[in-house]
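What follows draws every value from the coordinates through simple rules; no lab data is involved. What you see is a predicted model; the values in this text were computed from it and never measured. Using ideal geometry, Cβ is built from the backbone for each residue, glycine included, and neighbour counts are taken over all protein chains shown.
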Amino acid sequence: MHIRTGAPPANCAAADAGTLLASITLPADWMAAAAGGVKDKLGTWQDTSADATGTAGHFRIKDSTNTTCHAQGTVGMSGADMLVDNSSFAIGQSFTVSTFQLQAGNA
């Protein structure tokens, strides 16, 4: 998963946008079992050393080869698709993804 500055691109087929702030290798089992149409993140999603300085704006979850985007959304400390403990990144800083959920469209 990549966390980048700025707004997310129009869709996953669009090219990456913004500065890459951090790359996280997600756990093998990265989502919990669905309950009530919702899946929550599973395990710890953390980067112990941010790649650049900037304000987190969006994320992209890519395949293991880091070429195909499968999901994207906004990043912030509240009111975003993915919540982090601090949206202002400094190079070398540690950070943790606090909350991430996928919800079925009709749930």
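Take each peptide in 87-94, 62-69, count the other Cβ atoms within 10 Å of every residue, and average; sorted highest first, the result is 87-94, 62-69. Restricting the calculation to Cα atoms, every distinct pair contributes to the Kirkwood radius of the chain, found to be 14.0 Å.
Count the net charge of all other residues whose Cβ sits under 15 Å from the Cβ of Phe89, scoring Lys and Arg as +1 and Asp and Glu as -1. Summing Lys/Arg as +1 and Asp/Glu as -1 gives -2. Cα centroids of the range 78-107 and the range 33-77: 7 Å apart.
Among rounded, prolate and oblate, which fits the range 1-49 when a ≥ b ≥ c are the square roots of the eigenvalues of its C-alpha gyration tensor, a/c under 1.5 means rounded, and a/b larger than b/c means prolate? Since a/c reaches 1.5 but b/c is at least a/b, the shape of the range 1-49 is classed as oblate. The Cβ shell under 15 Å around Thr44 holds other residues with a net charge of -3, Lys and Arg each +1, Asp and Glu each -1. What does the net charge come to around Trp30 if you take all other residues with beta carbon closer than 10 Å to its beta carbon, with K and R at +1 and D and E at -1? Here the charged neighbours net out to +1.
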